[in-house]
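Asker: Sharing a structure here in structure tokens format.
Any read-out appearing in this document is the output of simple, stated calculations on the displayed coordinates, not a laboratory observation. Treat the numbers as computed from the prediction; the structure is a model and nothing was measured. All Cβ positions, glycine included, derive from the backbone under ideal geometry; neighbour counts span all protein chains shown.
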Amino acid sequence: DAKTTQPPSMDCAEGRAANLPCNHSTISGNEYVYWYRQIHSQGPQYIIHGLKNNETNEMASLIITEDRKSSTLILPHATLRDTAVYYCIAEMTTDSWGKLQFGAGTQVVVTP
Amino acid sequence: EPEVTQTPSHQVTQMGQEVILRCVPISNHLYFYWYRQILGQKVEFLVSFYNNEISEKSEIFDDQFSVERPDGSNFTLKIRSTKLEDSAMYFCASSDRENNEKLFFGSGTQLSVL
């Protein structure tokens, strides 16, 4: 599985967009980029995933560079409840059997 | 929205005792998982389970651990003889189809081994 690199922490003002970067320079062609978050020791929560194209859902947008070596998770209007650790994971969807490799993630603090 | 339910939320046990952690996955899901997180450390994969057998397990999941789906709704993790280092938050998760890494996690069971 490709290793991902994320900044350890970042702050964001409430109501502003939060842009969370992730580097995955060794990602292979059949690995997806997944984002999860964990709010204060609760169970991880799925946010979004993508392969090549940009993706958007009710929670966030995912922008993947054309060479797929990096991606950005965008929380369009951060709220205090978005304070969490955000994990970027590169994972094949075949033969992985749900074995997600969580790293240290990015601690995001949304401030009033 | 359907959710994964875990019980108990906290479990305290003596070293060497057996513990069973219980989970009720989302009802139409077929793939089940256990993860754990030692305080201050990363979330770690333990085991995945499908069609009444283990699909994948990590090095952590040794002979002291076992999983079972005793009926149509519950999914359990048993630790036969607990050690101090088994103290962690244990998360159950489920997903609805093969090759789908969109896992739904429960809120966890905090296991404390004394």
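Asker: On average, how much area does the Cα convex hull of the protein assembly as shown cover when viewed from any direction, in nm²?
Answerer: For the protein assembly as shown, averaging the hull's shadow over all directions gives 12.3 nm².
Asker: If you split all Cα-Cα distances of chain B into 10 Å bins from zero, what percentages do you get per bin, shortest first?
Answerer: 15, 51, 30, 5
Asker: Return the average number of partner chain Cβ atoms within 10 angstrom of each residue Cβ along peptide A:20-30.
Answerer: Taking all residues of A:20-30 together, the mean is 0.
Asker: What aspartates and glutamates could a cross-link reach from B:K57, if we take a straight Cα to Cα line under 15 Å and drop same-chain neighbours fewer than 8 places away?
Answerer: Answer for B:K57, where 15 Å is the Cα cut-off: A:D95, B:E44, B:E68, listed by chain and number.
Asker: Using Cβ contacts closer than 10 Å as the measure, can you line up B:T13, B:T82, A:T5 from fewest to most?
Answerer: Listed from fewest to most nearby Cβ atoms, that is A:T5, B:T13, B:T82.
Asker: Starting from the Kirkwood Rh over alpha-carbon pairs, what translational D in µm² s⁻¹ does chain A have by Stokes-Einstein at 10 °C and 1.306 mPa s?
Answerer: 113 µm²/s
Asker: Still on this structure: Taking the number of other C-beta atoms within 10 Å as the exposure measure, put A:K52, B:K102 in order starting with the fewest.
Answerer: So the residues, fewest neighbours to most, are A:K52, B:K102.
Asker: State the cysteines of the protein assembly as shown left without a partner when partners are defined as other cysteines whose beta carbon lies under 4.7 Å away.
Answerer: Result for the protein assembly as shown is A:C12, no neighbouring Cys Cβ within the cutoff.
Asker: Taking neighbour Cβ counts within 10 Å as the exposure measure, how do A:D11, A:D82 sort from fewest upward?
Answerer: Ascending number of Cβ neighbours within 10 Å: A:D11, A:D82.
Asker: Now a separate question. Work out how far the C-alpha atoms of the stretch A:34-76 reach from end to end along every principal axis, then list the three figures in whole Å, largest first.
Answerer: 34, 20, 14
Asker: Quick check on my link table: of A:K69/B:K78; A:K3/B:K78; A:K99/B:K78, which ones sit more than 29 Å apart, alpha carbon to alpha carbon?
Answerer: The answer is A:K69/B:K78; A:K3/B:K78.
Asker: Further, regarding this structure: In peptide A:42-50, what is the residue-averaged number of other protein chain Cβ atoms found within 10 Å of each Cβ?
Answerer: Mean shielding by partner chains, rounded to a whole number: 5.
Asker: Determine the dipole magnitude for chain A: charges of +1 sit on the beta-carbon of Lys and Arg, -1 on that of Asp and Glu, nothing else is charged, the reference point is the Cα centre, and the result goes in debye to the nearest 20.
Answerer: 120 debye
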